[in-house]
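Comments concern the structure below.
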Amino acid sequence: MSHPAEEDDPFEDLREKSSNPMRRLFAEYGRQNKLQFVVGVIASVVARVLDLIPPLVLGFAIDAIFQDSEYATILADFLPGFLPFATEAAVGSVIPATRTGQFWMTIGLIAFGFFGGAAFHWTRNWGWNSFAQNIQHAIRTDTYDKMQRLNMDFFAQKQTGEMMSILSNDVNRLERFLNEGMNSVFRLSVMVVAIAGIMIALNPQLALVALLPVPIIALFTYYFVRRIQPRYAEVRSTVGDLNSRLENNLGGVQVIKTSNTELFESERVDDVSQDYFDANWGAISIRIRFFPALRIIAGVGFVATFVVGGLWVFSGAPGPFTGTLRVGEFTTFILFTQRFIWPMAQFGSIINMYQRARASSARIFGLMDEPSRIVEDPDAEPLDVTDGQIQYDDVTFGYDEEDIVRDISFDVEGGNTVALVGPTGAGKSTVLKLLLRMYDVDEGAIRIDGTDLRDVTIPSLRQSLGYVSQESFMFYGTVEENIEYGSFGADHDEVVEAAKAAEAHEFITNLPEGYDTEIGERGVKLSGGQRQRLSIARAVLKDPDILILDEATSDVDTETEMLIQRSLDELTANRTTFAIAHRLSTIKDADQIVVLEEGQTVERGTHEELLANDELYAHLWGVQAGEIDELPEEFIERASKRASRTSAEAGDD
Ligand code: ADP
C-alpha cells in the first residue's frame, strides 16, 4: 500500500533533513556539560597566555637588566595605558628598583609561566576531555535507545553495518572534534590573537613583517585541505572494498579451497590491495609535501624578521622603517615567530575535523529523528487476553507500495493451533509480523479477543506473545541467562522446569558447567537444534497467552525434530498457536490450516479437508509424503514465474 518509497540509502534523506547539526549538538548536549566547557575555554586561554610570559619577560629583562634601559620606560613603551603604573612609584613597589631584584623577579615570572602553564594545561585537558567524553557517552546511548525502537526495515542486513558505523565511527569522530578540535581552536585563536597583539604593542612595523606568513599559511593549508580531502575519500572507499573482499573470502574459504581458486582469489585481493595502495600513496605524496612547504614559508618569514630586526638593532631602522628597536624586543619577536607557526599548521586539520564532525552529527541526528512507523495510540489500554481468540479481518498490507498480503481473513478459536502453509515468499512471515505489530496493517484489522491491536499498548501486546523462530538467536552469556531472557527474575527451579519441558535439560547438564556454561563467541558453540530448544525453553518460561512458531523446527535433524516436536506439543496444548512449517508432517494435526499463495488465502481447513480438496495443499503433501513424484505442471509453472520475478527484483537493486 502507500508508504513513501524507501530510498536505497535511507540515511541520505536523514542527512539532508537535519539543518545545522553542530548548533544542535551544542544546544542539546553541550548545555548539560556547561561547567566542563567553561573550564575548558578559560583554562585554554589562561594556559596559552601563561605560555607567552617567558619570552615576553625575557625580552624585557634583556633590555632592562643587561642593556641600559629603564624598566619603567620599557613598560610604558609596551603598553601606553600602563603609564600611570610605570612610574617611579611602580618601580620600587611592584617592580624591584635594583637590577638584581629585577633579575630575580624575571626568573620568578618565567618559573611562574612554566608552572602555572603546566597546571592550566592539566585543567584544560580535564575540561575538554570530560566535555567530549560525556557527550560521546550521552549521544551513543541516546542513539542506541532510539535505534532499538526503529522499524524492522532498518535492520535489514545492508543497514546494520551502517548503524554500527554511526554508533562507533561517527560518535568517535564527534568526540575527537570536541576534544582535540575544540582544544586546538582555542589554542590557535589565543596564540594568533595574543602574539599578534603583543608584537603590535612592541613594534607595529616589525610585527607587519613577522605576521606576514599568517595569511599565507592560512591560505596554503586551506588549499592543502581542499586537495587532500578527495584523496582521503578515495582511501576510505578503497579500504572499504578491501575489507569487504577480505571478509567475504575468509568467510568463504571452504568454497575457495574446494573450488581450487586460491590463485584467482589471491589475484583479486592483490587488485583491491593495489587500489588501496595507489589511493593511499596519492594522499601520502600530497601530505609529505605539506610540512616541508610550510617550513619554507615559516622559514622565509623567520629570516625576513631576523634580517629586518637584526639590521634595525645594530644600524638603525632599515629602508622604509622608522623608530628604534631594542635587543630585548627583537629577542621576543624571534621567540614568538617560532611559536605561532606550528599551531597555524593545524588550521587545516581543524577545518577538516570540523567538517567531518558536522557530517557525523548530521548522520547521528538524522537517525535520532527517524520517525517510527508504529505509533502507540495515546489512549491505548493494556491488553488483557481472556480466551486468546484471534481474528484477521480483511487484512491488506505491503512494505512499500506493492501489497504483499491481500484480504486475509480467518478466525482462530482460543487455544487452537493454526498453521500457515505456502510457497516461499507467499507472505506467511508477514502475516505473523503483523500480529507482533512489527508493522501496522494498511487495511482491515487484527483483533485479539475482540480488541484491535492498535488499541492496546505495545509492551502488553508483546508480553502476551511468545515467538520462537528458526534463527533462535542467543546472546552472549550463560545458558541460564539466555533462557531467562525476557522473564527476568525467574528462579533457577523455574528455568530448569522450562528446560525440561523443552527437552533441553539433558544436554544442558552435559555441558561443562551446566546452566552456567557461557555461550557465544567466548563460550561453547551450540548446535542449531540445541539453540532451538533453548529458545523454546525461553518461550515456555515466558508462558505467553499466544505462541508463534516461525519454522521452529527447520534445519534440525529428524531425531532432534522429534524431540522438539514433543516439547512443542506440550507447549501448544492449551494456548492459541500460530505455526509456519515447511515440513507439513509437523502441522498436520493443526485445528486449521491456512494456505497462502502470493499473499492471498487460497485454501483453508483441516488436513483431511484440504486433502479432500485436492488443490495446492494436497499436492504439496503428496510430494512431501512421497506419494507423488512432483507437483503438477501448473504449480511448477507458477513457482518458476514467481522465482523469475523475485530474481528480477533482486537484479534491480
Ligand atoms: P514467506 O514467509 O511466505 O516466505 P514473507 O512474508 O517472508 O514470505 O515475504 C513475502 C514477500 O514480502 C516476499 O516477496 C518478500 O520479498 C517481501 N518482504 C519480506 N520482508 C520484507 C521487507 N522487510 N521489506 C520489503 N519486502 C519484504
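The values are calculated or read from the model by the stated rules, or taken from the named source; none is laboratory data. It should be emphasised that the depicted structure is a prediction, and the values quoted were computed from it without experimental measurement. Glycine gets a Cβ as well: all are built from the backbone with ideal geometry, and neighbour counts include every protein chain shown. Remember, those area values only see protein heavy atoms, side chains included, never the ligands or the DNA or RNA. Shrake-Rupley method; radii C 1.70, N 1.55, O 1.52, S 1.80 Å.
Of all residues in region 279-307, those being without any contact (Cβ under 8 Å) to a residue 12 or more places away in the chain and of a type outside the set (Gly, Ala, Ser) number 9.
Residues in region 379-398 that are open to solvent by 80 Å² or more (accessible area, probe 1.4 Å) and of a type in the set (S, T, N, Q): 1 in all. Determine whether region 556-563 contains at least one residue that is in contact with a Phe, Trp or Tyr (Cβ under 6 Å, 6 or more places away or on another chain) and among the aliphatic types (A, V, I, L, M). The answer is no; no qualifying residue exists. For Gly466, the criteria (1) without any contact (Cβ under 8 Å) to a residue 60 or more places away in the chain; (2) away from the ligand (no atom under 16 Å from the Cβ); (3) touching a helix residue (DSSP H, G or I) at 6+ places or on another chain (Cβ under 9 Å) hold in every case but one, which is (1). Would a scan of region 578-601 turn up a residue that is at pLDDT 80 or above and on the phi > 0 side of the Ramachandran plot? Among the residues of region 578-601, at least one is at pLDDT 80 or above and on the phi > 0 side of the Ramachandran plot, which makes the answer yes. Assess whether Tyr223 counts as being open to solvent by 30 Å² or more (accessible area, probe 1.4 Å), without any contact (Cβ under 8 Å) to a residue 40 or more places away in the chain and assigned by TED's automatic domain parsing to the domain that holds Leu206. The answer is yes for Tyr223. Candidates Thr424, Thr430: the one that is near the ligand (Cβ under 8 Å from one of its atoms), at negative phi and at pLDDT 90 or above is Thr430. Tallying residues that are closer than 21 Å to Tyr439 by Cβ and not in a strand (DSSP E or B) within region 386-402 yields 5. Restricting Gly319, Gly251, Gly310 to residues that are small (Gly, Ala, Ser), within 28 Å of Phe220 (Cβ to Cβ) and modelled with pLDDT under 90 narrows the list to Gly319. Every test in (1) within 23 Å of Arg583 (Cα to Cα); (2) within 10 Å of the ligand (Cβ to nearest atom); (3) touching a strand residue (DSSP E or B) at 6+ places or on another chain (Cβ under 6 Å) is passed by Phe397 save one, and that test is (1).
Asn243 satisfies every condition listed in (1) closer than 25 Å to Met353 by Cβ; (2) touching a Gly at 6+ places or on another chain (Cβ under 7 Å) except (2). Scanning region 105-120 for residues that are touching a residue at least 40 places away in the same chain (Cβ under 8 Å) and either open to solvent by 40 Å² or more (accessible area, probe 1.4 Å) or not small (Gly, Ala, Ser) (or both) yields Thr106, Leu109, Ile110, Phe112, Phe114, Phe120. Filtering region 409-467 down to residues that are small (Gly, Ala, Ser) and assigned to a loop (DSSP other than H, G, I, E, B), which residue is surrounded by the fewest Cβ atoms within 10 Å (Cβ to Cβ)? This residue is Gly450.
Number of residues in region 400-416 that are in contact with a Phe, Trp or Tyr (Cβ under 8 Å, 6 or more places away or on another chain) and away from the ligand (no atom under 13 Å from the Cβ): the value is 4.
Residues in region 577-591 that are buried (at least 20 other Cβ atoms within 10 Å of the Cβ) and within 20 Å of Gly388 (Cα to Cα): 6 in all. Among the residues of region 243-262, the ones that are among the basic types (Lys, Arg) and open to solvent by 60 Å² or more (accessible area, probe 1.4 Å) come to 1 in all.
Restricted to region 477-576, the set of helices (runs of 4 or more DSSP H) holding at least 2 residues that are open to solvent by 30 Å² or more (accessible area, probe 1.4 Å) and among the charged types (D, E, K, R) comprises 479-484, 492-501, 528-542, 558-572. Might you let me know whether region 313-336 holds any residue that is within 16 Å of the ligand (Cβ to nearest atom), touching a residue at least 60 places away in the same chain (Cβ under 8 Å) and either crowded, with 17+ Cβ neighbours inside 10 Å or assigned by TED's automatic domain parsing to the domain that holds Thr577 (or both)? Checking region 313-336: not a single residue is within 16 Å of the ligand (Cβ to nearest atom), touching a residue at least 60 places away in the same chain (Cβ under 8 Å) and either crowded, with 17+ Cβ neighbours inside 10 Å or assigned by TED's automatic domain parsing to the domain that holds Thr577 (or both). Can you say whether Phe60 is in a helix (DSSP H, G or I), aromatic (Phe, Trp, Tyr) and surrounded by fewer than 17 Cβ atoms within 10 Å (Cβ to Cβ), as far as the supplied structure shows? Answer is no for this residue.
From the list Ile448, Ile483, the lone residue that is away from the ligand (no atom under 16 Å from the Cβ) and closer than 21 Å to Val375 by Cα is Ile448.
Would you be able to tell me the number of residues in region 363-394 that are within 16 Å of the ligand (Cβ to nearest atom) and aromatic (Phe, Trp, Tyr)? Selection size over region 363-394: 1. Quick check: is even one residue across region 399-406 open to solvent by 30 Å² or more (accessible area, probe 1.4 Å), touching a residue at least 40 places away in the same chain (Cβ under 8 Å) and closer than 19 Å to Ile546 by Cβ? Looking through region 399-406, none of the residues is open to solvent by 30 Å² or more (accessible area, probe 1.4 Å), touching a residue at least 40 places away in the same chain (Cβ under 8 Å) and closer than 19 Å to Ile546 by Cβ. For the subset of region 570-604 comprising residues that are basic (Lys, Arg) and under 19 Å from Ser469 (Cβ atoms), which member is farthest from the ligand (Cβ to nearest atom)? The selected residue is Arg575.
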